[in-house]
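Below is one structure, written out as structure tokens, with a few remarks after it.
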Amino acid sequence: MSAPSDTACMVDLATFPVPDYSDTEHETWTRLYARQRELLPGRACDEYLAGLARLELSETRLPRLVDISRRIEQYTGWRLTRVAGLVENDDFFTLLAGRCFPSTDFIRKPDELDYTPAPDMFHDLIGHAPLLTHSRFAAFFERFGHAGKAAFASGHPAIAWLPRIYWFTVEFGLIRAVEGLRIYGSGIVSSPGEVLHSLSDAVTRHDFDLDAIAARDYDIWHMQNDLFVIDSFDQLEDDFAAWCREARLG
């Protein structure tokens, strides 16, 4: 994979001002973090938990994006950039192709502890950042960015397929481990409700099939009752690479 260009990340975190977080915002982080730290062992996959440990997040203080970005970069060359909210698809894919993940630097309100409609830094840093330190997941994610860039440049039908693949892998993916079923999707690991729901009998779990995923719609407003399970991150990367070749996305 090629190295990220100097313009791959939109914001230079080393020079961008860090918000002056309030005591209430630090307390919100503390409550969210404590809850997930209790729920995730034995439910999240080992690769995720190892990545979370690498980030060295404070349990009681909101972190600086620049510090987390530097820790991630030590392992995979990926970095973070600061964004104000959701990023347009073509820009998002360009960032991923340059090994740069867009993160917010604000925390949800205290009355949104269980769910926030827009991603905040708890979702970005607890959900996404840990696996950015894992080489095989990071390689898949970079390839995903290149596939998205190619799709938007050519008007490829994958413009509709790739968000579904993202949803059922990056956000709501499950993985088989020696010990049993485990979570790796960021939308699950950052949500206490989804953590418990995803491993319950209420969910129908499907073997990993990218063609099936690309054809499946999803609903962001309800608990996810259908999830796909990978056997390993090697499978995720290798199957996606083969799918891209078949779809002529590089």
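Just give me the residues in the stretch 40-56 being outside any helix (DSSP H, G or I) and either touching a Lys or Arg at 6+ places or on another chain (Cβ under 7 Å) or surrounded by fewer than 21 Cβ atoms within 10 Å (Cβ to Cβ) (or both), in sequence order.
To start, the set of residues in the stretch 40-56 that are outside any helix (DSSP H, G or I) comprises 40-45, 56.
Listed by number, the residues that qualify are Pro41, Gly42, Arg43, Ala44, Cys45, Glu56.
Each row is one residue, and each column tells you yes or no for (1) in contact with a Lys or Arg (Cβ under 8 Å, 6 or more places away or on another chain); (2) free of Cβ contacts under 8 Å to residues at least 12 places away in the same chain; (3) among the hydroxyl-bearing types (Ser, Thr, Tyr).
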position: Phe137; (1), (2), (3): no, no, no
position: Ala150; (1), (2), (3): no, no, no
position: Arg164; (1), (2), (3): yes, no, no
position: Val170; (1), (2), (3): no, no, no
position: Ser186; (1), (2), (3): no, no, yes
position: Ser191; (1), (2), (3): no, no, yes
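For Thr116, are the conditions met, namely being at pLDDT below 95 and out of contact with any Cys (no Cβ under 7 Å at 6 or more places or on another chain)? So that I can check it myself, show each step before the final result.
On the way: at pLDDT below 95: yes; out of contact with any Cys (no Cβ under 7 Å at 6 or more places or on another chain): yes.
Taking the combined requirement at face value, the residue satisfies it.
Looking only at the stretch 191-234, which residues are touching a Phe, Trp or Tyr at 6+ places or on another chain (Cβ under 6 Å) and either in a loop (DSSP other than H, G, I, E, B) or aromatic (Phe, Trp, Tyr) (or both)?
Matches in the stretch 191-234: Phe208, Tyr218, Gln224, Phe228, Phe233.
Out of all the residues in the stretch 180-193, which are over 13 Å from the mean Cα position of the chain (by Cα) and at pLDDT below 95? Let's see the steps before the verdict.
Taking the stretch 180-193 first, the residues over 13 Å from the mean Cα position of the chain (by Cα) are 180-182, 192-193.
Listed by number, the residues that qualify are Pro192, Gly193.
Quick check on my filter: what residues within the stretch 7-39 are open to solvent by 90 Å² or more (accessible area, probe 1.4 Å) and among the aliphatic types (A, V, I, L, M)?
Of everything in the stretch 7-39, just one residue is open to solvent by 90 Å² or more (accessible area, probe 1.4 Å) and among the aliphatic types (A, V, I, L, M), namely Met10.
If you check Asp90, Asp67, which single one turns out to be open to solvent by 70 Å² or more (accessible area, probe 1.4 Å), charged (D, E, K, R) and out of contact with any strand residue (DSSP E or B) (no Cβ under 7 Å at 6 or more places or on another chain)? Spell out the reasoning first.
Working: Asp67 fails: open to solvent by 70 Å² or more (accessible area, probe 1.4 Å).
After applying the criteria, what remains is Asp90.
Restricting attention to the stretch 130-162, report how many residues are open to solvent by 70 Å² or more (accessible area, probe 1.4 Å) and of a type in the set (Ser, Thr, Tyr).
Summing the residues that are open to solvent by 70 Å² or more (accessible area, probe 1.4 Å) and of a type in the set (Ser, Thr, Tyr) in the stretch 130-162 gives 2.
Among the residues of the stretch 79-93, count how many are more than 14 Å from Val11 (Cα to Cα) and at pLDDT 95 or above. Write out each step before concluding.
Quick first cut of the stretch 79-93, residues more than 14 Å from Val11 (Cα to Cα) only: 86, 88-90, 93.
From what is left, the residues that are at pLDDT 95 or above are 93.
Summing the residues that are more than 14 Å from Val11 (Cα to Cα) and at pLDDT 95 or above in the stretch 79-93 gives 1.
Please work out if Thr81 is of a type in the set (Ser, Thr, Tyr) and in contact with an Asp or Glu (Cβ under 6 Å, 6 or more places away or on another chain). I'd like the intermediate steps shown before the answer.
Numbers: of a type in the set (Ser, Thr, Tyr): yes; in contact with an Asp or Glu (Cβ under 6 Å, 6 or more places away or on another chain): no.
No, not satisfied.
The values are calculated or read from the model by the stated rules, or taken from the named source; none is laboratory data. All of these numbers come straight from a predicted model, not from anything done at the bench. Cβ atoms come from the backbone with ideal geometry, glycine included; neighbour counts cover every protein chain shown. Ligands, DNA and RNA are excluded from the accessible area calculation, which covers all protein heavy atoms including side chains. Shrake-Rupley method; radii C 1.70, N 1.55, O 1.52, S 1.80 Å.
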